[in-house]
Amino acid sequence: MTDKRVAVITGAGRGIGFAIAKRLGERGMHVIMTSKYEQVSDSAARLRAQGASAEALIVDTSDESSI
């Protein structure tokens, strides 16, 4: 567990969602990146390689059972 502020970003595997996760990670927040695509794991790894605290979850927010 971390004592950092935590942000959950949906659609964070690419595009605007990734940019938001990157910016928040650069500002010291722990980011939980979600996407229905496995690409989100690579995106979180990219942020960690840059020194950010990030983790990825593959979740389809349109499917209640996935959440």
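The values are calculated or read from the model by the stated rules, or taken from the named source; none is laboratory data. All figures in this text were calculated on a predicted structure; none of them were measured in a lab. Counting neighbours? That spans all protein chains shown, and the Cβs are built from the backbone with ideal geometry, glycine included. In case anyone asks, the SASA skips ligands and DNA or RNA and just uses the protein heavy atoms, side chains included. Shrake-Rupley method; radii C 1.70, N 1.55, O 1.52, S 1.80 Å.
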Exercise. Got a number for residues in region 35-51 being surrounded by 19 or more Cβ atoms within 10 Å (Cβ to Cβ) and farther than 22 Å from Ser62 by Cα?
Worked result: 1
For this session: State all residues of region 12-29 that are closer than 18 Å to Ser62 by Cβ, at pLDDT 95 or above and surrounded by 15 or more Cβ atoms within 10 Å (Cβ to Cβ); if no residue qualifies, say none.
Result: Ala12, Gly17
Problem set entry | Those residues of region 52-67 which are in a loop (DSSP other than H, G, I, E, B), charged (D, E, K, R) and in contact with a helix residue (DSSP H, G or I) (Cβ under 9 Å, 6 or more places away or on another chain), in sequence order | Asp60
Seminar exercise, completed: For region 1-27, pairs from a residue that is within 16 Å of Ala45 (Cβ to Cβ) and part of a strand (DSSP E or B) to a residue that is open to solvent by 50 Å² or more (accessible area, probe 1.4 Å) and among the hydrophobic types (A, V, I, L, M, F, W, C), with Cβ under 7 Å and 6 or more apart or across chains, are Ile9/Ile20
Problem set entry | Search result, residues across region 35-51 that are outside any helix (DSSP H, G or I), under 17 Å from Ala19 (Cβ atoms) and in contact with a strand residue (DSSP E or B) (Cβ under 7 Å, 6 or more places away or on another chain) | Ser35
Exercise. Among the listed residues Ile32, Ile67, which satisfies the condition of being free of Cβ contacts under 8 Å to residues at least 24 places away in the same chain and either of a type in the set (Val, Ile, Thr) or loosely packed, with under 13 Cβ neighbours inside 10 Å (or both)?
Worked result: Ile67
